[in-house]
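Here the structure is laid out as structure tokens; the discussion comes afterwards.
Derivation of every value follows stated rules applied to the coordinates shown; laboratory data play no part. It should be emphasised that the depicted structure is a prediction, and the values quoted were computed from it without experimental measurement. Here Cβ is always computed from backbone atoms with ideal geometry, including for glycine, and neighbour counts include all displayed protein chains.
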Amino acid sequence: MMTGFFNDGLEKNLGEELQQMLENTDGVGKVKVLVKTNDTKEVTGVLVVCEGGDDKNLVAYITDAINGLLGVPVHKIKVMKMSE
């Protein structure tokens, strides 16, 4: 199905843009981002794995930024610490 193809590209582009922005944010460190969308191209979930993922203030900041930028409900955003 072609819709999945377009969603994959959208998910990849959004993930790469978020990754670049977060990597330039103080305290975040290395970042990997996974973005999921539905057939209407609405973002349904975001996973961020970063070196600074154990800092509660940073996690709140990242969560708020994604919520504000993409309109993803906070309960569908997960920020985790990257393994060392």
Cα long-axis angle, helix 2-23 against the chain (0 to 90 degrees, to the nearest 10) | 20
Helix 56-70 sits at what angle to the longest principal axis of the chain, using alpha carbons and giving 0 to 90 degrees rounded to 10?
-> 30
For Lys76, net neighbour charge (Lys/Arg +1, Asp/Glu -1) across residues whose Cβ lies under 13 Å away = +1
For the chain, using Cα atoms only, the Rg and Dmax in Å read 12.7, 41
Taking H placed 1.01 Å from N in the peptide plane, check which residues at least 5 places from Val28 or on another chain put their amide H under 5 Å from its amide H.
-> none
How large is ³J(HN,Hα), in whole Hz, for each residue of the stretch 44-54 in order, when computed from phi with the Karplus curve 6.51 cos²θ - 1.76 cosθ + 1.60 and θ = phi - 60°, using x for Gly and Pro?
-> 9, x, 9, 10, 10, 10, 9, 4, x, x, 9
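Summing +1 for each Lys or Arg and -1 for each Asp or Glu, what net charge is found among the other residues whose Cβ lies under 11 Å from the Cβ of Tyr61?
Values: positive: Lys56; negative: Asp26, Asp55, Asp64.
Charge balance near Tyr61 sits at -2.
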Toy charge model, Lys and Arg Cβ at +1, Asp and Glu Cβ at -1: the chain dipole around Cα centroid in debye, rounded to 20, equals 220
When the charge dipole of the chain is computed with +1 at the Cβ of Lys and Arg and -1 at the Cβ of Asp and Glu, the Cα pointing farthest to the positive end, of Gly15, Thr40, Asn57, is that of Thr40
Which percentage, to the nearest 5, of the DSSP beta bridges contained in the chain is antiparallel?
-> 60
